[in-house]
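Student: Below is a structure I'd like to ask you about.
The values are calculated or read from the model by the stated rules, or taken from the named source; none is laboratory data. Keep in mind that this is a model prediction, so the values were computed, not measured. No Cβ is skipped: glycine too gets one built from the backbone with ideal geometry, and neighbour counts run over all protein chains shown.
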Amino acid sequence: MVQYNFKKITVVPTGKEFIDIILSRTQRRTPTQVHKGYAISRLRQFYMRKVKFTQQNFHEKLSTIIDDFPRLNDIHPFYGDLLHVLYNKDHYKLALGQINTARNLIGKIAKDYVRLLKYGDSLYRCKSLKVAALGRMCTVIKRVTPSLAYLEQIRQHMARLPSIDPNTRTVLICGYPNVGKSSFMNKITRADVDVQPYAFTTKSLFVGHTDYKYLRYQVIDTPGILDRPFEDRNIIEMCSITALAHLRAAVLFFLDISGSCGYSIAQQAALFDSIKSLFMNKPLIIVCNKTDLQALEGLSEDDTKLVMEMKAEAMKTLVGQGGEATDGSNVLLTMSTLTEEGVIAVKNAACERLLDQRVEQKMKSKKLNDCLNRFHVAIPKPRDQKERPPCIPQAVLEAKAKQAEEDAEKEKRKLERDLENENGGAGVYSASLKKRYILAHDEWKEDIIPEILDGHNVADFLDPDILMRLEELEREEGALQGLEEDDDFEMDGAELTPEEQAALAEIRKKKSLLIQQHRIKKSTAESRPTVPRKFDKDKQFTSERMGRQLSSLGLDPSMAINRARSKSRGRKRERSSDRVDSMDVDGDQQNKKMRLKSRSMSRSRSKSRPPGEVVPGEGFKDSAQKKKAIKIAKSSSKNRNKEARRGEADRVIPTLKPKHLFSGKRSTGKTDRR
Amino acid sequence: MRLEKCWFCSSTIYPGHGIQYVRNDAKIFRFCRSKCHKNFKMKRNPRKVKWTKAYRRLHGKDMTQDSTFEFERKRNRPERYDRNVTENTLKAIKKIDKVRVDREHRHHTKRLTFSSLYCCNICDLDQLLTCFEKMDRMKPKKAQLRREAEKELEQSISMVKAPAAQQQDPSLTLPIKVKVSKPETVENRMEE
C-alpha cells in the first residue's frame, strides 16, 4: 500500500534545471579531452560515450519520476478518489504520459545518433553529431517543462496530505460548515485544527488520533458540506464526500441545534437526506451540538420532528447492522464542545458502535478461526476418575531429600561470622586462626615460635634428628681440638738447626727478591720498552754471573762457563768483562770488592749512555730517529707543562670564574658577551 | 617471614631492607643495600669484587666446605609443628653456630700465617710470634709456625741448593760454594 509514500517521491526538477543537471553530469563523468591526432575509432568512441551517457541519465531520472508517482488505479480507492478530486485524474495521467513519451524519444534520438557516429570520419564531424544529439534531447525536455512543473506541484501537495490509514478504525465527522466539527476534533484528539467563526475554515481533511479501550482510533475532520447537487460541489466538499464514500468508518453527523452556524435545522436535515445514501453500512450517530445555546428539549415542534426523523433513519442503520434493538440513546446524542458536556459520551458511543461493527464483521469472515485460536485455551475433559500424578524418578527424590537435610544442617551449624557478631563485631573480635590446627598435642596450638634466630631461619634447621647430628658434630670438633693440642705438645721435639734456619732465611730472602723484581717489572712495563733478553741492556746475563750463581747453588760452574765462552769468542764486550774477571781471580779479598765494583760498574754502565744512542732492542733504526722521537715526546708535553698540567688527563681549572673576566665595564661597546 | 641472602655480597637481608629485582625469566635477585644493587646494575661479577663472600670463597679466603653448612637446608614443604623438635632445634642452632665460628677462625689463622711469612726473614719462632703480636694479627700456635717452616724448607730447598748438591749432601742446609776457576787470557798473560 503506497499510503504514506507520498512523502518519498523524488523531487521533480524544472526543465531548465533538468537539462543543466544532466549536461553537467555528462561533462564531469565522461572523459573531456580529445585531440585531432587520435585514432578515429577513439574519437568515435569518445563521442558515442557522451551521447549514450546523456541518454542513460535522462532515462534514469525520468523513470524514477514515473515510478515514484502513484498509479491511481493501484492505490486504495479512497486515495485514488482523493487525488482525483484534488488534481484531476486526467491531467495527472497526461502529465505522466508526456514524461514517458519524452523518455522514449530521447532513447530514439540517442540510438540514431550513435549509429551515425559509427561512421563519423573526422573529429569535427563526430563532434557536431554529438552536439546535435544532445541538443535534440534537451529540446525534448524543454517541451515537457510544463508537465514537470505540474508534477512538482502535485508532489508538494501530496507530501502534505494527511496520513490516513483506510483500513483501521476511523471516525468521520461531517456536517454543515461551522457546526462545531473542528472544535470537537480538538477536544478529543491532540490535533490542533483551526477554529474560526467563518465558514469553510477547514478546507481539507485533518486526522487526529484518540484512544478508546486500549485501541487507537483515527478521527477525521472534514470540511463542511453544503446542500447542493452533486455536480455543483467544489473540491473542498468533494474531499469530505470522498472520505465518506470510501472509508469504512463510524460517522458522526453534526447538527447545530442553535442555528448559530447560519443554517437552520431544516437545511441541515435536508443535507442529511441527500447524503444518507453514503451512510450505508456505517454506524451512524447524530450529534446535536451547541446545546449550551439551545437545549434539545427546547426545540420547536417542527425541528424536533425533523430531528426525530433523522434519528429514525439512524436507527434503521443500527437495526440493519447488529440487530440489537436498543433505545435511541446510542444514536442521538447531545453535547456542547464549549462546556465539554457530553463530548466524551459521544466519543465513546462512536467508538463502541464502530468496534461492535468491526467485531461482527470479523466474526463473519473466513479468518475467524485464526482469530479465535489466539484467545482460546483448550482444557481436556477428564474421561474417567483415575488419578494420574506426575512421575518423578527415585534418584531425584533421594537427592532432594539429601539436599533438604543439608539445608537444615546449615541452618543449625554455628558460623564464624555468628561468633564474631556475638563477641563484639568485626573491629573488636578477631577470629582465632589457630583454632582448627591439627597437632599431636592440643596444648601446642597456642605456642609462639620464633621464625628467626641469630641471623638464621629456624625453618631451615628444623630436623627431628638434629640432636643426634649435633652430637656427632661435637665429637668431631672435640677430635679436631685434641689434634691441635697434641701439636702444641709435640712442639718441644725437633726444632730447626741453625744451618737449617740459615737455609730457610736464604730461601725466604730469595723469594722476597723475586717478588720485588716481579713487582717492579709489572709496574714499569707500560712506560719502558720491553727489551728482549738477547740484547742484555742491563748486563745481567754474563757468564761470570752465571758462574757465581751456580757456585752458590753448590755446583761446579767451570764447565758451563767454558761452554758459554767458547760460543761467544772474539767479542769486545766479552774481553772487557774478561778484564774484570781477571781482576777477580787475583784474590779473595779483592773478590768482594771487585764483585761490588763490577756490579756498580755494570749498573753505572747501563745508565751512562749518551742521550741519542740507540740500544739494540728498543726499536729505533738509528740515533737520528731516536733523537726525533725524543723531541716529539718532549714537544707534546711542552704546552702542557706551560699550563702547569700534570698530564694529558689533567683538566683541572683552578678558577672557574676568574673575576677579571666576569666583571667590569667596557670603555666602548656593550658587555653582553663575556 | 624469611631472611634472604643478598645476591651480590651474600649477606643476610632482614625484613624491611633492600631491593628485590624480578627479571623477565622470573629469576629473583635480592640486594641488601643500594651498593650491591648498583654494582649489579653495572654488571659486575661478584666473583671478581674483592669484598663479596663469593670472591672470598672462590679464592679460598673463607671456609668453603664444612659439615656445619649442611645443617642449614631450605625446605620447600613446611613441616608440621612439633614442640620438642622446635625446642631442640633452637638450642642446636646456637651450638652449631659456635662450632662454625671456631672453625672459620682456625681457617683464617692458618691462612694468614702462611701468607705473612713471606714478608719477613725471621726464622726464630718466638720472634715471629712477637712479630704477629705487633702486627695485631691472630697469633698462630707455635706448633703451626714450626710445621709451616719445616714444610717450606723442604719444598723450596731447591731454590738455594741444586738437586745434584742435594743428592750429595741430603741435609736441608745451604750448599758449600764452589770456587770459580779462571781460565788464562792473552791480556792477562801480557799484564803479568
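Student: Give the number of residues within the range A:206-235 that are within 21 Å of A:N348 (Cβ to Cβ) and of a type in the set (A, V, I, L, M).
Tutor: Residues meeting the conditions: 4.
Student: While we're looking at this one, here's another question. I need the full set of residues from the range A:465-494 which are modelled with pLDDT under 90, assigned to a loop (DSSP other than H, G, I, E, B) and more than 7 Å from chain B (Cβ to nearest Cβ), in order please. Working first, answer last.
Tutor: Within the range A:465-494, the first condition is being modelled with pLDDT under 90, and the residues that meet it are A:480-494.
Among the residues that remain, those that are also assigned to a loop (DSSP other than H, G, I, E, B) are: A:491-494.
A:D492, A:G493, A:A494, listed by residue number.
Student: Being in a strand (DSSP E or B) and within 22 Å of B:D62 (Cα to Cα) is the filter; apply it to the range B:1-40 and report the residue that is nearest to the other protein chains (Cβ to nearest Cβ).
Tutor: Initially, the range B:1-40 is screened for residues in a strand (DSSP E or B), giving B:4-5, B:12-13, B:19-22, B:28-31.
Narrowing the set further to residues that are within 22 Å of B:D62 (Cα to Cα) leaves B:4-5, B:12-13, B:31.
Values: B:E4: 9, B:K5: 10, B:T12: 5, B:I13: 11, B:F31: 17 Å.
Checked the range B:1-40; the qualifying residue nearest to the other protein chains (Cβ to nearest Cβ) is B:T12.
Student: Being under 22 Å from A:M468 (Cα atoms) and modelled with pLDDT of 90 or more: is that true of B:R75 here? Explain how you work it out, then say what you get.
Tutor: Working: under 22 Å from A:M468 (Cα atoms): yes; modelled with pLDDT of 90 or more: no.
Answer is no for this residue.
Student: Follow-up question, since we're still on this one. Return the residues of the range A:146-166 that are within 46 Å of the chain's Cα centre (by Cα) and in contact (Cβ under 8 Å) with a residue 24 or more places away in the chain; say none if nothing qualifies.
Tutor: Let us first name the residues in the range A:146-166 that are within 46 Å of the chain's Cα centre (by Cα), namely A:152, A:155-165.
Hits for the range A:146-166 are A:E152, A:R155, A:H157, A:M158, A:A159, A:L161, A:P162, A:S163, A:I164, A:D165.
Student: While we're here: Tell me whether the range A:446-464 contains one or more residues that are β-branched (V, I, T), in a loop (DSSP other than H, G, I, E, B), within 12 Å of chain B (Cβ to nearest Cβ) and under 60 Å from the mean Cα position of the chain (by Cα).
Tutor: If we filter the range A:446-464 for residues that are β-branched (V, I, T), which is where we start, we get A:448-449, A:452, A:458.
Adding the requirement that they be in a loop (DSSP other than H, G, I, E, B) leaves A:448-449.
After this cut, where a residue has to be within 12 Å of chain B (Cβ to nearest Cβ) as well, the list is A:448-449.
Among the residues that remain, those that are also under 60 Å from the mean Cα position of the chain (by Cα) are: A:448-449.
Scanning the range A:446-464, I find at least one residue that is β-branched (V, I, T), in a loop (DSSP other than H, G, I, E, B), within 12 Å of chain B (Cβ to nearest Cβ) and under 60 Å from the mean Cα position of the chain (by Cα), so the answer is yes.
Student: Which one of these is over 55 Å from the mean Cα position of the chain (by Cα) and under 30 Å from A:T334 (Cβ atoms): A:D227, A:D194, A:D232?
Tutor: Criteria check complete, one pass: A:D227.
Student: How many of the residues making up the range A:87-127 are at pLDDT below 90 and farther than 25 Å from A:R42 by Cβ?
Tutor: Qualifying residue count, the range A:87-127: 3.
Student: When you scan the range A:258-271, do you find a residue that is out of contact with any Lys or Arg (no Cβ under 8 Å at 6 or more places or on another chain) and either closer than 30 Å to A:K89 by Cβ or among the charged types (D, E, K, R) (or both), even just one?
Tutor: Looking for residues that are out of contact with any Lys or Arg (no Cβ under 8 Å at 6 or more places or on another chain) and either closer than 30 Å to A:K89 by Cβ or among the charged types (D, E, K, R) (or both), one finds at least one in the range A:258-271, hence yes.
Student: Mind listing whichever residues of the range B:56-89 are over 20 Å from B:E4 (Cα atoms), outside any helix (DSSP H, G or I) and within 11 Å of another protein chain (Cβ to nearest Cβ)?
Tutor: Matches in the range B:56-89: B:D66, B:R80, B:Y81, B:D82.
Student: Return the total of residues in the range A:540-566 being within 10 Å of chain B (Cβ to nearest Cβ) and of a type in the set (V, I, T).
Tutor: Total satisfying the criteria: 1.
Student: Mind listing whichever residues of the range A:147-166 are touching a helix residue (DSSP H, G or I) at 6+ places or on another chain (Cβ under 6 Å) and among the polar types (S, T, N, Q)?
Tutor: Of everything in the range A:147-166, those that are touching a helix residue (DSSP H, G or I) at 6+ places or on another chain (Cβ under 6 Å) and among the polar types (S, T, N, Q) turn out to be A:S147, A:S163.
Student: Take the residues in the range A:63-83 that are crowded, with 17+ Cβ neighbours inside 10 Å and assigned to a helix (DSSP H, G or I); name whichever of them is modelled with the highest pLDDT.
Tutor: Among residues in the range A:63-83 that are crowded, with 17+ Cβ neighbours inside 10 Å and assigned to a helix (DSSP H, G or I), the one modelled with the highest pLDDT is A:I65.
Student: Here is a further query. Go through (1) surrounded by fewer than 16 Cβ atoms within 10 Å (Cβ to Cβ); (2) over 30 Å from A:Q361 (Cα atoms) one by one and return the number of the condition A:R216 breaks.
Tutor: All conditions pass for A:R216, except number (2).
Student: Only one of A:R71, A:R115 is more than 21 Å from A:K142 (Cβ to Cβ), under 53 Å from the mean Cα position of the chain (by Cα) and among the charged types (D, E, K, R). Can you tell me which? Please lay out each step first, then the result.
Tutor: Details: A:R115 fails: under 53 Å from the mean Cα position of the chain (by Cα).
A:R71 is the lone residue from the list that is more than 21 Å from A:K142 (Cβ to Cβ), under 53 Å from the mean Cα position of the chain (by Cα) and among the charged types (D, E, K, R).
Student: Considering every residue within the range A:355-366, establish whether at least one is at pLDDT 85 or above, surrounded by 12 or more Cβ atoms within 10 Å (Cβ to Cβ) and either of a type in the set (A, V, I, L, M, F, W, C) or more than 20 Å from A:L247 (Cβ to Cβ) (or both).
Tutor: Yes.
Student: Okay, next question. Output yes when any residue across the range A:500-507 is acidic (D, E), within 7 Å of another protein chain (Cβ to nearest Cβ) and surrounded by 10 or more Cβ atoms within 10 Å (Cβ to Cβ), and no when none is.
Tutor: Step one: of the range A:500-507, the residues acidic (D, E) are A:500, A:506.
The next check asks that each one be within 7 Å of another protein chain (Cβ to nearest Cβ); those that pass are A:500, A:506.
This time we only want the ones that are surrounded by 10 or more Cβ atoms within 10 Å (Cβ to Cβ), so: A:500, A:506.
Yes, that holds for at least one residue.
Student: Quick one: A:E60 ticks every box in (1) without any contact (Cβ under 8 Å) to a residue 24 or more places away in the chain; (2) farther than 30 Å from A:D121 by Cα; (3) not in a helix (DSSP H, G or I) except a single one, so which number is it?
Tutor: (3)
Student: Can you tell me which residues in the range A:66-95 are touching a helix residue (DSSP H, G or I) at 6+ places or on another chain (Cβ under 6 Å) and among the aliphatic types (A, V, I, L, M)?
Tutor: Matches in the range A:66-95: A:I66, A:L72, A:L82, A:V85, A:A95.
Student: Name every residue in the range A:221-250 that is within 14 Å of A:D81 (Cβ to Cβ), among the hydrophobic types (A, V, I, L, M, F, W, C) and out of contact with any Pro (no Cβ under 8 Å at 6 or more places or on another chain), in order of residue number.
Tutor: Listed by number, the residues that qualify are A:F230, A:I235, A:M238, A:I241, A:A243, A:L244, A:A245.
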